[in-house]
Amino acid sequence: MDTENTSLRPLSESRRIVVKVGTSTLTHRTGRMNLRRFHNLVRVLADLSNAGKQLILVSSGAVGLGVGQLGLRERPTDTPTKQACAAVGQCELMYLYDRQFANYSVNVAQVLLTKASLNSNGGTNAGNCMERLLELGVIPIVNENDTVAIDELELEIGENDSLAAVVAGLVHADALVLMSDIDGLYSADPHKDANAELIPIVREITPEIEAVAGGAGTPNARGGMATKINAAKMANAAGIDMVIMNGEKPERLYDLLLAGEPVGTRFTAQ
């Protein structure tokens with residue numbers, strides 16, 4: 001890791017970008033949608049699309065929204081109820097995306113994937129579908145199909161970070177951006193250590209880097225820094241740079257993808 005970024009390709013040169021947004025970015029701790037942040041995210045993504053960027057959005061939030069829609073006090077622990085929350089929440093999630101993107105005359109498409117569906121020719125078929133959607137000016141919105149992919153529901157740390165890296169590889173993306181509830185990778189847990197410093201660039205994922213990755217994040221979320229490090233490994237191995245940034249201010253995507261300014265932590269492909 002280092003702080004020198006002068007030799008790096010500015011990410012403003014990236015045309016095809018996979019953006020992953022987590023539950024902690026989309027919802028309040030109640031499970032209900034954070035409407036202000038959601039509207040800002042959609043507006044920024046629509047504007048980036050207008051600027052010529054090809055975007056694939058990998059969106060968490062179905063289970064969290066389902067918890068709120070069903071009036072549950074907390075995220076369920078049994079798999080059937082998690083599946084029910086995912087089924088209800090996915091409807092609400094896509095309804096909100098479709099309605100909000102329509103305000104900017106941008107079409108979206110739902111793409112639900114599982115590990116099984118990505119095996120053999122399934123990955124090729126999914127990639128071909130998303131390629132065609134991008135050619136048609138559509139933003140594919142990808143999520144794990146949690147109503148059937150129960151292996152991921154039963155884990156304490158989810159897989160949408162890794163799914164985003166897989167999708168980035170399938171569509172030969174130029175960059176992968178993970179939006180979370182933290183500014184990036186820190187030298188220590190910033191919630192516990194006031195001296196923790198943001199690591200702006202990681203050129204190689206070493207045991208030292210893996211050691212600073214924590215566990216799961218907020219109560220309604222399934223991901224954590226450990227899954228983001230794993231996603232970075234996958235993306236970098238495919239020749240794709242990855243950035244972890246805070247989703248609290250979606251407008252910072254302009255700085256990253258249009259102005260080419262450093263944002264968050266960037267993991268560079270070897």
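Bear in mind these aren't lab numbers, they're just calculated from the coordinates by the rules spelled out. Keep in mind that this is a model prediction, so the values were computed, not measured. Cβ atoms come from the backbone with ideal geometry, glycine included; neighbour counts cover every protein chain shown.
Just a few scattered comments:
- Computed over the chain with a Gaussian network model linking Cα atoms closer than 10 Å, the most mobile of Ile229, Ile209, Ile182 is Ile209.
- Calculated mean residue ellipticity at 222 nm for the chain: -11500 deg cm²/dmol, from DSSP H runs with n ≥ 4 weighted as -39500 (n - 2.57), summed, divided by the residue count and rounded to 500.
- Sites counted here are GluC sites (Glu not before Pro) in a DSSP loop (not H, G, I, E or B) having no more than 14 other Cβ atoms within 10 Å; the longest part of the chain that contains none of them is 75-153.
- Eigenvalues of the alpha-carbon gyration tensor of the chain, scaled by 5 and square-rooted, set the equivalent ellipsoid semi-axes at 26, 22, 18 angstrom, largest first.
- Interchain or long-range residues, amide H under 5 Å from Asp241's placed H: Leu176, Ala269
- A cut-off under 13 angstrom between Cβ atoms defines the neighbours of Asn40, and their net charge, with Lys, Arg +1 and Asp, Glu -1, is +2.
- Cα gyration tensor category, rounded, prolate or oblate, for the stretch 8-159 with a/c compared to 1.5: oblate
- Loop-resident sites, the stretch 53-129, for trypsin sites (Lys or Arg not before Pro), counting at most 12 other Cβ within 10 Å (DSSP): Arg73
- Lysine pairs with alpha-carbon atoms under 27 Å apart, the chain, spacing 8 or more or separate chains: 19
- Charge dipole (debye, nearest 20) of the stretch 1-151; +1 at Cβ of Lys and Arg, -1 at Cβ of Asp and Glu: 380
- Think of each Lys and Arg Cβ as +1 and each Asp and Glu Cβ as -1; about the Cα centre, that makes the dipole of the chain roughly 740 debye.
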